[in-house]
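Since the structure comes first, as structure tokens, the remarks are kept for the end.
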Amino acid sequence: MIEYLILLTAVLTLLLILIIYETKRRRAELLATVEVVTLPNFASKHLGNSREITVFLPPGYAQAANRRYPTLYVNDGQDQEALQLRETLAKLCQRRQIRPIIVVAVPTNEDRLQEYGTAVCPNAQNLGTKAGEYGRFFTAELMPAINQQFRTSQNPAEIGIFGVSLGGLSAFDIAWNQPELFGIVGVMSGSFWWRAAEDETKMPPNQLIAHEMVKQTAEKPALRLWFEAATQDEASDRDNNGVIDAIQDTLELIDELEKIGFRRGEEVVYVEVPGGRHNYDTWAQVFPHFLRWAFGK
């Protein structure tokens, strides 16, 4: 009996090892369908620094020499693994749930709180002082270089920008200021609490900057916008109405978008995640939903 149990344990252990090995092998094969190209030390004259850009090329890119691809730029590219970016792209392409796309992951650095924000002005805490320069790096330096080196689509409707938290605010700001370059915006847990200082002159003092940007827009830009917020993004509820500020700020921004002509459910989509938190566990879980909406077949 003891010998039988020892043999059974050995067999089960071997089976478990084989299952683990096969799972890892299949995952490696899946990831290999999305080629990764790095651009080390990509320098910016506007910012006076450099960073490593990571470009994800879709399955079949090398074989389709004349094909151009929709393209998504992602802020906080240093967290691409936490977002499960490569694996998500590979799975969705394999299942034919999205068109093949190029994704450009743009990392931040120790100046994140200054590079991300709103170009029109810093916020009340004097954060975002380099947001204008970051936007110019993004649109005048990075995007032309990517377009030259890779077969990106030249149709703005197929160009997207995405970010989470403060990177989401930055994504919204860049696209809103350069709508001729983008057609798609994705924001998760966006930092739309960004408020002007009491003595600000470029925006109404003490007001939410992104909301005021929309209010001051004379002509509705040709953008499709996708927003996510989670019920546990934070605990703050400044007006004690039972709705946390992260959700309220996002919904109020959507209200302003509707006032200038955006159609909710079509050009503007809002996803609320019950029990979701302000972290990559939640964002990675929801990221496929954004990709299917933005680049689905």
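What to note about this one:
- A count restricted to segment 259-271 and to residues that are surrounded by 14 or more Cβ atoms within 10 Å (Cβ to Cβ) and charged (D, E, K, R) stands at 1.
- Per-region count, segment 216-230, residues surrounded by 15 or more Cβ atoms within 10 Å (Cβ to Cβ) and of a type in the set (Asp, Glu): 1
- Matching strands (runs of 3 or more DSSP E) fully within segment 38-144 where at least 1 residues are in the same structural domain as Tyr280 (by TED's automatic domain parsing), within 24 Å of Ala284 (Cβ to Cβ) and touching a Pro at 6+ places or on another chain (Cβ under 8 Å): 49-57, 102-105
- Considered as a group, the residues in segment 231-253 that are surrounded by fewer than 18 Cβ atoms within 10 Å (Cβ to Cβ) and among the aliphatic types (A, V, I, L, M) include one that is nearest to Gly160 (Cα to Cα), and that residue is Leu251.
- Only one of the numbered conditions (1) free of Cβ contacts under 8 Å to residues at least 60 places away in the same chain; (2) within 18 Å of the chain's Cα centre (by Cα); (3) assigned to a helix (DSSP H, G or I) is violated by Asp255, and that is (2).
- Residues of segment 81-135 classified as under 26 Å from Ala64 (Cα atoms), touching a residue at least 24 places away in the same chain (Cβ under 8 Å) and not hydroxyl-bearing (Ser, Thr, Tyr), total: 21
- Counted residues, segment 50-77 - those being surrounded by fewer than 18 Cβ atoms within 10 Å (Cβ to Cβ) and touching a strand residue (DSSP E or B) at 6+ places or on another chain (Cβ under 8 Å): 4
- Selection within segment 267-289 - acidic (Asp, Glu) and either more than 27 Å from Ile101 (Cα to Cα) or without any contact (Cβ under 8 Å) to a residue 40 or more places away in the chain (or both): Asp281
- Members of segment 94-107 that are crowded, with 21+ Cβ neighbours inside 10 Å and more than 13 Å from the chain's Cα centre (by Cα): Ile98, Ile101, Ile102
- Only listed residue being in contact with a Cys (Cβ under 9 Å, 6 or more places away or on another chain), assigned by TED's automatic domain parsing to the domain that holds Ala171, farther than 24 Å from Phe138 by Cα and acidic (Asp, Glu), chosen from Glu266, Glu200, Glu234: Glu200
- Checking every residue in segment 198-217 against the condition of being more than 18 Å from Thr118 (Cα to Cα), at pLDDT 95 or above, part of a loop (DSSP other than H, G, I, E, B) and not basic (Lys, Arg) gives zero matches.
- Residue selected from segment 275-297 under the condition aromatic (Phe, Trp, Tyr) and closer than 15 Å to Asp79 by Cβ, by the criterion surrounded by the fewest Cβ atoms within 10 Å (Cβ to Cβ): Tyr280
For every residue, the table says whether it meets (1) out of contact with any helix residue (DSSP H, G or I) (no Cβ under 9 Å at 6 or more places or on another chain); (2) more than 21 Å from Ala222 (Cβ to Cβ); (3) assigned to a helix (DSSP H, G or I).
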site: Ser236; (1), (2), (3): no, yes, no
site: Asn241; (1), (2), (3): no, yes, no
site: Ile247; (1), (2), (3): yes, yes, yes
site: Gly261; (1), (2), (3): yes, no, no
site: Gly276; (1), (2), (3): no, yes, no
site: Thr282; (1), (2), (3): yes, yes, yes
site: Val286; (1), (2), (3): yes, yes, yes
site: Leu291; (1), (2), (3): no, no, yes
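The values are calculated or read from the model by the stated rules, or taken from the named source; none is laboratory data. These numbers come from a predicted model, not from an experiment. Please note: Cβ atoms are built from the backbone with ideal geometry, for glycine as well, and neighbour counts cover all protein chains shown.
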